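The values are calculated or read from the model by the stated rules, or taken from the named source; none is laboratory data. Everything numeric in this text was worked out from a predicted model, so none of it was measured. In this analysis, Cβ positions are derived from the backbone assuming ideal geometry, glycine residues included, and neighbour counts consider all displayed protein chains.
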Amino acid sequence: MSEMKRDYTSEELGKMNESELARLGTELDGVTVAYRKERFPQPNDPAEKRAAMGVGIYFLLALVMGLAFAAIYLFWPWQYKTLGESGVWWYTLYTPLLGLTSGLAIIFLGMGAMNYTKKFVPEEISVQTRHDGPSDEVDRRTLVALLNDSWKTSTFGRRPVLQGLAAGGAALAGLSIILPLGGMIKNPWRPSHKQDITGTGTLWTTGWTLADEGKKVYLARDTGAVAVEREGEYSTQGVTRLVRVRPEDLDAGGMETVFPMTEDMVNDGKKYDPRRDVYEEQMHSVHGSRNAVMLIRLRHEDALKSIPRAGQEKFHYGDYIAYSKICTHIGCPTSLYEQQTNRILCPCHQSQFDALQYGKPVFGPAARALPQLPLTVDEEGFFIADGNFIEPVGPAFWERRS
Ligand code: FES
């Protein structure tokens, strides 16, 4: 068998047109086209128009489903509703509809592409022998020509309607993957709802922010109380989850985790009323993601050595000092107070904060001091916030300046 010429010069290759290069490519690759048949050899074949319409319908459906996904994602009522609330069924349908529309968009797109290949790309059976090593210039040039030839014979390049529908369908199906990322972008200035005890209005707010509105906000301990069974029914009536704290409740060197509680949520001591049910509201405070505060009673000799931050000289109450429990690194609870060294340790990445120096970080990845809550005691002798935090609580975010 005679050896095939392979050493074509750039000049010789430059003189060949696309179809000559494509043919050369198949020969050089040792490809034998055993069978090839155009789908629609006759121009203006009505069957070709019907096939194009069929494919177009799939791409159109993909486009419609993509649009439906975007509309549902943006406008469907997604806020959580419990059973019995109005709109619960609309809310329940939100996630299934997102899944259905995005799934159908991708399925229709795939069906359009499959049908196009089946109906328009020439039917062909080719056989190729494999070669070892990298391809030379001839192979590379002829490969490009072959790809161009495939594109031309697929006739997709001269079908602008199908191109548009396929591109639109693909873009919208892709959108169903990208669009949900938008839900992660949050404007930190925009209150998501009215300020309440959960404190989740903005990244600047906590339950203690209610002190800014002139409300009395108690420092309250979580008793862990749960609903009680009465005559076979569970009830939270008369159950007090949060109780107010007095200075004498803590030993020197002790620490207590406390949560904000407004006057209308109090149901303890002389104000206890077994008929009241404040449990749910108190649990909102416990669940507020930025609410937890460490109330620390320093040993007196240590308190004398403490160094306040400029502008926070009056934030403590005697030997008592209160810091946000939310680590300024990435928000774990900094629960470990070590009374011998007066260090507060975050168990997540071992940041340490100095309780004697306005909670400033002294070790680990945290870079900012724990925000300090101003403290005082009311006329009944209970701890209350003497104002709000003067800086945001928790990890840094792009809008904060400190
Ligand atoms: S979250 Fe506290 S050290 Fe990382």
Report task. Can you give me the ranges of the strands (runs of 3 or more DSSP E) entirely in the range 312-402 with at least 2 residues that are over 26 Å from Y218 (Cβ atoms)? Result -> 343-345, 352-354, 360-363
Query raised in the report: How many of the residues in the range 157-172 are among the hydrophobic types (A, V, I, L, M, F, W, C), more than 11 Å from A70 (Cβ to Cβ) and buried (at least 18 other Cβ atoms within 10 Å of the Cβ)?
Result: 4
**Report entry** Answer residue from the range 1-40, given it is among the β-branched types (V, I, T) and touching a residue at least 12 places away in the same chain (Cβ under 8 Å) and is nearest to K118 (Cα to Cα) among those
**Finding:** V33
Query - Cross-chain or 6+ apart pairs with Cβ under 6 Å, the range 50-63 first and farther than 12 Å from A167 by Cα, then charged (D, E, K, R) and in a helix (DSSP H, G or I) - result: A51/K119
Report task. Go through R23, R6, R39 for me and flag whichever is under 21 Å from F120 (Cα atoms), charged (D, E, K, R) and not in a helix (DSSP H, G or I). Result -> R39
Report summary line: Scanning the range 291-349 residue by residue, those under 21 Å from T200 (Cβ atoms) and free of Cβ contacts under 8 Å to residues at least 24 places away in the same chain turn out to be C332
Report summary line: Listed by first then second residue, the pairs whose first member lies in the range 105-121 and is charged (D, E, K, R), whose partner is assigned to a helix (DSSP H, G or I), with beta carbons under 6 Å and at least 6 positions apart or on separate chains, are K119/A51
Report task. Taking F363 as the residue in question, decide whether it is within 16 Å of the ligand (Cβ to nearest atom) and not assigned by TED's automatic domain parsing to the domain that holds A292. Result -> no
Report task. Scan the range 327-351 residue by residue and report those that are more than 9 Å from the ligand (Cβ to nearest atom) and either in contact with a Pro (Cβ under 9 Å, 6 or more places away or on another chain) or acidic (D, E) (or both). Result -> S335, L336, E338
Query raised in the report: So F383 fits all but one of (1) touching a Lys or Arg at 6+ places or on another chain (Cβ under 8 Å); (2) within 15 Å of the ligand (Cβ to nearest atom); what number is the exception?
Result: (2)
Requested in this report: Pull up the range 34-48, narrow it to residues that are under 51 Å from the mean Cα position of the chain (by Cα) and hydrophobic (A, V, I, L, M, F, W, C), then point me to the one that is farthest from S150 (Cα to Cα).
Outcome: A47
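Within the range 252-307, count every residue that is assigned to a helix (DSSP H, G or I) and over 26 Å from T328 (Cα atoms). Please lay out each step first, then the result.
In the first step, residues of the range 252-307 are kept if they are assigned to a helix (DSSP H, G or I); the result is 263-265, 269-271, 279-287, 300-303.
This time we only want the ones that are over 26 Å from T328 (Cα atoms), so: 263-265, 269-271, 279-281, 300-301.
Qualifying residue count, the range 252-307: 11.
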Requested in this report: Take the range 386-396 and flag every residue that is within 16 Å of the ligand (Cβ to nearest atom) and under 27 Å from T262 (Cβ atoms).
Outcome: P392, V393, G394, P395
Requested in this report: Give the range 366-375 a look and list any residue that's touching a residue at least 40 places away in the same chain (Cβ under 8 Å), within 13 Å of the ligand (Cβ to nearest atom) and surrounded by fewer than 20 Cβ atoms within 10 Å (Cβ to Cβ), or say none.
Outcome: R368
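Conditions tested, residue by residue: (1) surrounded by 14 or more Cβ atoms within 10 Å (Cβ to Cβ); (2) in contact with a Ser or Thr (Cβ under 6 Å, 6 or more places away or on another chain); (3) over 26 Å from G224 (Cβ atoms).
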site	(1), (2), (3)
K271	no, no, no
R275	no, no, no
E280	no, no, no
S285	yes, no, no
A303	yes, no, yes
S306	yes, no, yes
F315	yes, no, yes
T328	yes, no, yes
Q340	no, no, yes
